RNA sequence: GUGGCCGUAGCUCAGUCGGUUAGAGCGCCAGGUUGUGGCCCUGGAGGUCGGGGGUUCAAGUCCCCUCGGUCACCCCA
């Protein structure tokens, strides 16, 4: 079945598999989360970085690592009309590092971001082909205090979003000094056990032995029960760094759980790595976010040796973990214009009010008064502004409160003042009956 | 990539052993009230029963294929 044939059929068009529409009113929840993250990030000195949704393939193959699943099987890559080999971004950290190399802003450089990412995987609950992330990255300092600060931002933000059952896993993977030696040691350990590993890792363990530690299949779990962990192989400076990160987290009251087998799927991590999980998510997709230090990434992309650390949070999963409390938000409308004279009066009045900063809607198609008032009621507006032939002739507007109150008539030039007055009065809850009668 | 479950109206679903013109609730539209929303009442619009093939006098219902959705494995956010 060719794609062309498939789309030529007369089946209704729908969003591609693994993507989903985020529409009102739920989209307002999404919007709110992003806005709260933005303000937290700003407090900590981060600026917004908007990098392209697609990059040269090499940004990811060299940045993320050519043996990772993300790069080998999950990338949406394509050749454009100019023959460039591009890929939709499967994550953002590598893009940020590329942007740093390209523009060389002064260090330390703190940026936050949000936007969609793409991975070609089989969709399931909490896992999409286009998914949304919030994240932050800091380049230019290897100070462990920064690790603490970055983890704190991720952690306190999740807490602030009232996600139930949060926990924080922490590990250190070592650096350029101790990791290669550890890798050899692990390989030597795995070599004689290869036949006992799960089918997938029987050959793959050579490319990326650390991943075997993280494999959830019983075969690998049993075979590696006694395997050395990166933590016990840390060199002195990595050990000191990790100790200070733990101290710092403790001093802020952040409950990190040291998890020696936490590996994570991207190759660029060095030293500190962490993952935030939520018990409300299904056991296998319980990560709402994760991150870590990547002191070699910038150099791998052709820049100078520059340490860095960051994290990203899955927006879709954040919302999923928080449950369906999606607070159907009000439209926020102040007024709804009901025009019984053909619509021209509404056209002029809504325009005038909107220019004055009043949130206002109207009906179209010259519908009946009853129909227009029904729309006004459902719109959530506080008041209907009725213009019939009589009002129009007199240069007036009838103010009809929709949530209780007395109807009144004002000169059309004074509508804004009257709305303001009503708004002021509404601040003291005055229930004048009229709502919910048995 | 592998496996389980599910496809009937915009939404949630019913549809008996295969049997007449495929139903309900919600939503939407109109009217009840010639200028007053919600509640109530009446009426209306809206369906390739996912698609194709087969069995049968007869298929929403049984069989095969296919497409789509969903959940899980794997991996990750």
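The values are calculated or read from the model by the stated rules, or taken from the named source; none is laboratory data. Source: prediction; values computed, not measured. Here the Cβ positions follow ideal geometry from the backbone for every residue, glycine too, while neighbour counts run over all protein chains shown.
Only one of A:313, A:349, A:333, A:319 is at pLDDT 95 or above and over 25 Å from residue A:75 (Cβ atoms); which? Step by step, each of A:313, A:349, A:333, A:319 is checked, and only A:349 is at pLDDT 95 or above and over 25 Å from residue A:75 (Cβ atoms).
In the range A:376-412, the qualifying residues are those that are within 15 Å of residue A:346 (Cα to Cα) and free of Cβ contacts under 8 Å to residues at least 12 places away in the same chain, and the one that is farthest from RNA strand B (Cβ to nearest atom) is A:393. Restricting the first member to the range A:280-300 and to residues that are assigned by TED's automatic domain parsing to the domain that holds residue A:147, and the second to residues that are near RNA strand B (Cβ under 8 Å from one of its atoms) and assigned to a helix (DSSP H, G or I), the beta-carbon pairs closer than 6 Å and six or more apart or on different chains are A:288/A:317; A:288/A:318. Might you check whether a residue that is part of a helix (DSSP H, G or I) and farther than 22 Å from residue A:138 by Cβ occurs anywhere in the range A:284-291? The answer is yes, given that some residue of the range A:284-291 is part of a helix (DSSP H, G or I) and farther than 22 Å from residue A:138 by Cβ. The residue that is farthest from residue A:64 (Cα to Cα), counting only those in the range A:272-295 that are touching a strand residue (DSSP E or B) at 6+ places or on another chain (Cβ under 6 Å) and more than 11 Å from RNA strand B (Cβ to nearest atom), is A:272. Please determine, by comparing only the residues of the range A:147-200 that are under 19 Å from the mean Cα position of the chain (by Cα) and within 26 Å of residue A:235 (Cα to Cα), which one is surrounded by the fewest Cβ atoms within 10 Å (Cβ to Cβ). Of everything passing the filter in the range A:147-200, A:152 is surrounded by the fewest Cβ atoms within 10 Å (Cβ to Cβ).
Scanning the range A:301-319 for residues that are more than 9 Å from RNA strand B (Cβ to nearest atom), surrounded by fewer than 23 Cβ atoms within 10 Å (Cβ to Cβ) and either outside the structural domain of residue A:33 (by TED's automatic domain parsing) or under 21 Å from the mean Cα position of the chain (by Cα) (or both) yields one hit, A:319.
Of the residues making up the range A:144-170, those that are at pLDDT 95 or above, more than 16 Å from RNA strand B (Cβ to nearest atom) and in contact with a helix residue (DSSP H, G or I) (Cβ under 9 Å, 6 or more places away or on another chain) are A:144, A:145, A:147, A:148, A:149, A:152, A:156.
The range A:14-131 holds strands (runs of 3 or more DSSP E) entirely within its bounds, and those carrying 1 or more residues that are buried (at least 17 other Cβ atoms within 10 Å of the Cβ), within 16 Å of RNA strand B (Cβ to nearest atom) and within 20 Å of the chain's Cα centre (by Cα) map to A:85-88, A:109-118.
The single condition among (1) out of contact with any strand residue (DSSP E or B) (no Cβ under 7 Å at 6 or more places or on another chain); (2) away from RNA strand B (no atom under 15 Å from the Cβ); (3) part of a loop (DSSP other than H, G, I, E, B); (4) in the same structural domain as residue A:285 (by TED's automatic domain parsing) that residue A:260 does not satisfy is (1). Scanning the range A:162-195 for residues that are in a helix (DSSP H, G or I) and touching a residue at least 24 places away in the same chain (Cβ under 8 Å) yields A:179, A:181, A:182, A:183, A:185, A:186, A:189, A:190, A:193.
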